[in-house]
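Shown next, in structure tokens, is the structure this report addresses.
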Amino acid sequence: MPMLLEGKKLVITGVINRESIAFEVARQAQLAGAEVVLTGFGRAKRMTERSAARLPEPPDVLELDVNEPEQLEALAAELRERWGRVDGVLHAIAFAPEDALGGRFLETPPESAITAFQTSAFSLKELAVALADLYPPEGASVVGLDLDATVAWPVYDWMGVAKAALEATSRYLARDLGPRGVRVNLVSAGPIGTIAARGIPGFGDLATAWKRQAPLGWDTSDAAPVGGAICFLLSDLARGITGEILHVDGGFHAMGTALDPGAAASANGHPEAAVETSS
């Protein structure tokens with residue numbers, strides 16, 4: 001039986017260090033037979049390069065600031081020369097200025113809200129379209145990272161608004177790229193303790209609440225379930241799926257309120273979970 005992503009050429013953004021969800025995606029994708037390149041820019045690119053060296057097959061790191069059209073063009077040109085095609089893309093890019101987070105929703109200036117939207121949502125369209133000429137006739141997959149935008153979260157503020165825009169953007173991309181066989185989906189992940197997540201004020205409280213409410217439990221240090229779901233969406237097994245938001249959050253999104261941690265642990269036969277989730 002062939003490996004899940006055998007022969008696929010994948011572009012993976014958003015790797016900062018080994019805790020990054022994108023790092024786990026790259027790791028699993030390589031083990032599943034894919035060839036990958038990473039992207040980075042500015043001072044953070046050095047961190048991406050160090051992380052790349054820790055992957056099973058250290059990939060190249062290409063320069064990309066998604067807010068710079070010339071860099072998107074350069075990325076497409078490099079991949080055309082290198083591969084001649086792109087089978088899949090992971091969009092793991094999000095940013096909001098400090099004054100757009102942390103409970104300052106009512107005071108956030110428009111330029112900060114616009115920055116959050118452009119970098120975190122509009123960039124999905126920019127990246128997907130920049131590589132459009134490289135998608136093979138048999139189709140391709142574009143996957144983005146999301147946090148459920150159907151509700152308002154504490155301290156997430158304009159990043160939450162940007163994620164709502166990301167969700168709408170993915171649906172419109174699915175509409176317009178679908179006739180070319182290109183699938184566009186999002187993975188709404190539970191909180192993972194990445195650098196970006198820890199930069200959100202109150203992340204620890206959110207992570208604790210997640211453990212209380214997710215019926216499967218949730219480990220903020222384990223990106224493997226999210227990485228596996230993304231690799232599935234990048235694979236041909238998901239060839240009939242587009243415009244979807246796949247929740248990989250331990251079931252948190254389906255519960256109306258926090259659960260009794262002890263009862264949840266007993267029901268699942270994992271008594272140790274009661275200790276972990278009640279902390």
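The values are calculated or read from the model by the stated rules, or taken from the named source; none is laboratory data. It should be emphasised that the depicted structure is a prediction, and the values quoted were computed from it without experimental measurement. A quick note on method: Cβ atoms are made from the backbone with ideal geometry, for glycine too, and the neighbour counts reach across all protein chains shown. Note: accessible area is taken over every heavy atom of the protein model, side chains too, but ligands, DNA and RNA are not part of it. Shrake-Rupley method; radii C 1.70, N 1.55, O 1.52, S 1.80 Å.
Residues in the range 4-18 that are surrounded by fewer than 23 Cβ atoms within 10 Å (Cβ to Cβ) and either touching a Lys or Arg at 6+ places or on another chain (Cβ under 9 Å) or among the hydrophobic types (A, V, I, L, M, F, W, C) (or both): LEU4, LYS9, ILE16, ASN17, ARG18. Only residues that are part of a helix (DSSP H, G or I) and open to solvent by less than 10 Å² (accessible area, probe 1.4 Å) were counted in the range 122-131, giving 4. Out of everything in the range 98-111 that is open to solvent by 10 Å² or more (accessible area, probe 1.4 Å) and in contact (Cβ under 8 Å) with a residue 40 or more places away in the chain, what residue ends up being nearest to LEU79 (Cα to Cα)? Only one residue tops the list, namely LEU101. Among the residues of the range 174-188, those that are surrounded by fewer than 24 Cβ atoms within 10 Å (Cβ to Cβ) and either part of a loop (DSSP other than H, G, I, E, B) or of a type in the set (A, V, I, L, M) (or both) comprise ALA174, LEU177, GLY181, VAL182.
Yes/no per residue for (1) surrounded by fewer than 21 Cβ atoms within 10 Å (Cβ to Cβ); (2) at pLDDT 95 or above; (3) under 19 Å from the mean Cα position of the chain (by Cα); (4) not in a helix (DSSP H, G or I):
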| position | (1), (2), (3), (4) |
| --- | --- |
| PRO58 | yes, yes, no, yes |
| ASN67 | yes, yes, yes, yes |
| ILE114 | yes, yes, no, no |
| SER120 | no, yes, yes, no |
| PRO136 | yes, yes, no, yes |
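For the range 133-165, a tally of residues being within 28 Å of GLY250 (Cβ to Cβ), hydrophobic (A, V, I, L, M, F, W, C) and without any contact (Cβ under 8 Å) to a residue 60 or more places away in the chain returns 10. Of all residues being part of a helix (DSSP H, G or I), in contact with a helix residue (DSSP H, G or I) (Cβ under 7 Å, 6 or more places away or on another chain) and hydrophobic (A, V, I, L, M, F, W, C) in the range 69-97, which is surrounded by the most Cβ atoms within 10 Å (Cβ to Cβ)? Just the residue, please. If we take residues in the range 69-97 being part of a helix (DSSP H, G or I), in contact with a helix residue (DSSP H, G or I) (Cβ under 7 Å, 6 or more places away or on another chain) and hydrophobic (A, V, I, L, M, F, W, C), then LEU75 is surrounded by the most Cβ atoms within 10 Å (Cβ to Cβ).
Table: residues versus (1) at pLDDT 95 or above; (2) in a helix (DSSP H, G or I); (3) not hydroxyl-bearing (Ser, Thr, Tyr).
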position: ARG212; (1), (2), (3): no, yes, yes
position: THR220; (1), (2), (3): no, no, no
position: ALA229; (1), (2), (3): yes, yes, yes
position: PHE232; (1), (2), (3): yes, yes, yes
position: LEU237; (1), (2), (3): yes, yes, yes
position: GLY240; (1), (2), (3): yes, no, yes
position: THR257; (1), (2), (3): no, no, no
position: ALA264; (1), (2), (3): no, yes, yes
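The residues of the range 19-44 that are open to solvent by less than 20 Å² (accessible area, probe 1.4 Å), part of a loop (DSSP other than H, G, I, E, B) and within 16 Å of VAL226 (Cα to Cα), listed by number, are SER20, ALA32.
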